[in-house]
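Written out below as C-alpha cells is the structure these notes cover.
The values are calculated or read from the model by the stated rules, or taken from the named source; none is laboratory data. As the structure is a computational prediction, the values presented were derived from the model and not from experiment. Virtual Cβ from ideal backbone geometry, glycine too; neighbours counted across all protein chains shown.
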Amino acid sequence: MRSQLEFYMDEIVKRLERMHELAANAFIDSIKSFEDLDEDAASEVQEQVEDIEELANKIESSVFETIARRQPVAGDLRALATYSHVAYHLHRVGRYAYKIAYITKLCNGLDHYKELESLPYLAELAKSTLAIAMRGLVEKDLSEIDELEKLEAESDRETADMFEEIAGFLKKMDNIETISMFYVIVGRYCERAADQAFAIAERAYYMVTGERKKLGLAYKKEEQEIGPH
C-alpha cells in the first residue's frame, strides 16, 4: 500500500508528464505555424501555452504543499526539488513556443525565400532531447545520456550550417533581411529548448544518483580534439 507521500509525488510526476507532452507539442506546432506562416495556427499555440503555465503553477503549489505537510527527507526531498526545477524548464519551452508563434504573426506580408528544412529538424532534435531527459526523470533511467550528448552535437552542426546558408542568401538576394532575422531567432529558440532538456537531464541525474553532473560538454570536447590544428 502506497503512503500518502508516495501518492502525492506520483501525482506530481503525472502532471510533469502531461506538461512535457503539452510543451513538446506546442513547440513543434509553433515551428509548423512559422513554416506555413499560419497566423491562426500561431494563435492556437499561444492558447496551448496557457495550459502549460497553469500546470507549472499547480506543480509548484503541489511541491510546496507536499514538503510542508508530508515532511519528506533525503531522496524524496531531492526528488521534489527536482520536480519544481523541471516544471520551470518545461515552462520555458512553452514560452519559446509562444514567442515563435508571435514571430509567425510578425511575418504578415512576408514570404519564405527557401525551403525550411533546418528549423523543423532542429525542433525535432529539441523534442528528442526533451524525451530522453524526461525518461531519465520519470523512469530513473540514465542509460540514454550519451545519446543526449550526440543529439546536441548534431544540433550544433545543423545550426552552423543553417547560419552559413542564410549568409549565402543574404549576399545574393535583396529585401530578405527581416525574414532572415526571424530564421536566426527561431533557430536560437530551438537551441534554447534543447538547453532546457539538458537542464532537466542534469536534475534527473542528481535526483537518481545524488551527484552533480554537467552535461553537454563531452562531444564539444571531442570535436575540439579532432579539429584542425
With criteria (1) within 19 Å of Leu37 (Cα to Cα); (2) without any contact (Cβ under 8 Å) to a residue 60 or more places away in the chain; (3) not small (Gly, Ala, Ser), Tyr113 comes up short on (2)
Any idea which of (1) surrounded by fewer than 17 Cβ atoms within 10 Å (Cβ to Cβ); (2) closer than 25 Å to Val184 by Cα; (3) touching a residue at least 60 places away in the same chain (Cβ under 8 Å) is the one Gly75 doesn't satisfy?
-> (2)
Lone unmet requirement of (1) more than 20 Å from the chain's Cα centre (by Cα); (2) at pLDDT below 95 for Ile176 | (2)
Exception for Leu90 within (1) modelled with pLDDT under 95; (2) within 21 Å of Asp10 (Cβ to Cβ) falls at (1)
Restricting region 1-30 to residues that are at pLDDT below 95 and among the aliphatic types (A, V, I, L, M), which is nearest to Glu47 (Cα to Cα)?
-> Met9
Any chance Ala101 is over 14 Å from the mean Cα position of the chain (by Cα), assigned to a helix (DSSP H, G or I) and at pLDDT below 95 | no
Would you mind telling me which numbered condition in (1) surrounded by fewer than 18 Cβ atoms within 10 Å (Cβ to Cβ); (2) at pLDDT 95 or above Asp146 fails?
-> (2)
Number of positions in region 140-170 that are under 26 Å from Val13 (Cα atoms) and among the aromatic types (Phe, Trp, Tyr) | 0
Select from region 30-43 the residues that are surrounded by fewer than 20 Cβ atoms within 10 Å (Cβ to Cβ) and touching a residue at least 40 places away in the same chain (Cβ under 8 Å) and list them in ascending order.
-> Lys32, Glu35, Leu37, Asp38, Glu39, Ala41, Ser43
